[in-house]
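Student: Quick one: this structure, given as structure tokens, is what I'll be asking you about.
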Amino acid sequence: MMTNQIAKHFREVYFGGNWCEINIKKELANVSWQEATTKVYDFNTIATLAHHINYYVSNVLDFLKGDPLTARDHLSFAHPPIKNQIDWDKFLTTIIEDGEQFANQIEKLSDEKLLEIFIEEKYGNYYYNLHGIIEHVHYHLGQIVLIKRIIRQEN
């Protein structure tokens, strides 16, 4: 089934095994809360980018479970403050759990569902949106990797 392949592709960017050999779990696992909240130049912080990625994953996850889609672009970079390692670790747990649930929900979809309109015609179909989320994760994961390297090079 195509949905199994899409779920596999999503899991790879979250948990490993993709062509790029980087993934969310690995790249964030060894980031301290101080690194996650360090501002580099005028870039977003690692914490902000991780939140931004998960914001869309968690909102579309809820939608796939049957809830209305409530995501709003202007809210996607606003996250609760990370004041210590406990805050960061809780957030990382949420990201990983949401990622696994998201892949599971994709697997529950039929291949026919992939061709259906995603909310409104202007947003395209499910296939387009699910792949868009995967592309979005790759894009911001690349930013996280570069910011992490800059932070560690300067220290």
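The values are calculated or read from the model by the stated rules, or taken from the named source; none is laboratory data. Note that this is a predicted model, so its numbers are computed, not measured. So basically every Cβ, Gly included, is an ideal-geometry build from the backbone, and we count neighbours across all protein chains shown. Side chains are part of the model used for accessible areas, which takes the heavy atoms of the whole protein and leaves out ligands, DNA and RNA. Shrake-Rupley method; radii C 1.70, N 1.55, O 1.52, S 1.80 Å.
Student: I'm told Y139 meets every condition in (1) over 17 Å from the mean Cα position of the chain (by Cα); (2) assigned to a helix (DSSP H, G or I); (3) loosely packed, with under 15 Cβ neighbours inside 10 Å except one. Can you identify the failing condition by its number?
Tutor: (1)
Student: Return the only residue of Q105, Q101 being open to solvent by 60 Å² or more (accessible area, probe 1.4 Å) and either β-branched (V, I, T) or part of a helix (DSSP H, G or I) (or both).
Tutor: Q101
Student: Another question, then. Checking the condition part of a loop (DSSP other than H, G, I, E, B) and modelled with pLDDT of 95 or more, which residue from K83, K113, K90 passes? Don't jump to the end; show me each part of the working.
Tutor: Numbers: K113 fails: part of a loop (DSSP other than H, G, I, E, B); K90 fails: part of a loop (DSSP other than H, G, I, E, B).
After ruling out the rest, the residue left standing is K83.
Student: Return the residue satisfying two criteria in turn: it lies in the stretch 35-84 and is over 14 Å from the mean Cα position of the chain (by Cα) and among the hydroxyl-bearing types (S, T, Y), and of such residues it is farthest from S110 (Cα to Cα).
Tutor: Within the stretch 35-84, the match that is farthest from S110 (Cα to Cα) is Y41.
Student: Okay, moving on. Six or more apart or on different chains, Cβ under 8 Å: which pairs go from a residue in the stretch 32-58 that's closer than 19 Å to G132 by Cα to one that's open to solvent by less than 30 Å² (accessible area, probe 1.4 Å) and acidic (D, E)? Could you list them?
Tutor: Pairs found: N54/D98; V57/D98; S58/D98.
Student: Also, I was wondering about something else. Among the residues of the stretch 23-52, what is the count of those that are open to solvent by 60 Å² or more (accessible area, probe 1.4 Å) and touching an Asp or Glu at 6+ places or on another chain (Cβ under 7 Å)?
Tutor: Within the stretch 23-52, residues that are open to solvent by 60 Å² or more (accessible area, probe 1.4 Å) and touching an Asp or Glu at 6+ places or on another chain (Cβ under 7 Å) number 1.
Student: Check off (1) open to solvent by 30 Å² or more (accessible area, probe 1.4 Å); (2) assigned to a helix (DSSP H, G or I); (3) in contact with a Phe, Trp or Tyr (Cβ under 8 Å, 6 or more places away or on another chain) for H9 and give me the number that stays unchecked.
Tutor: Here H9 meets the rest and fails (3).
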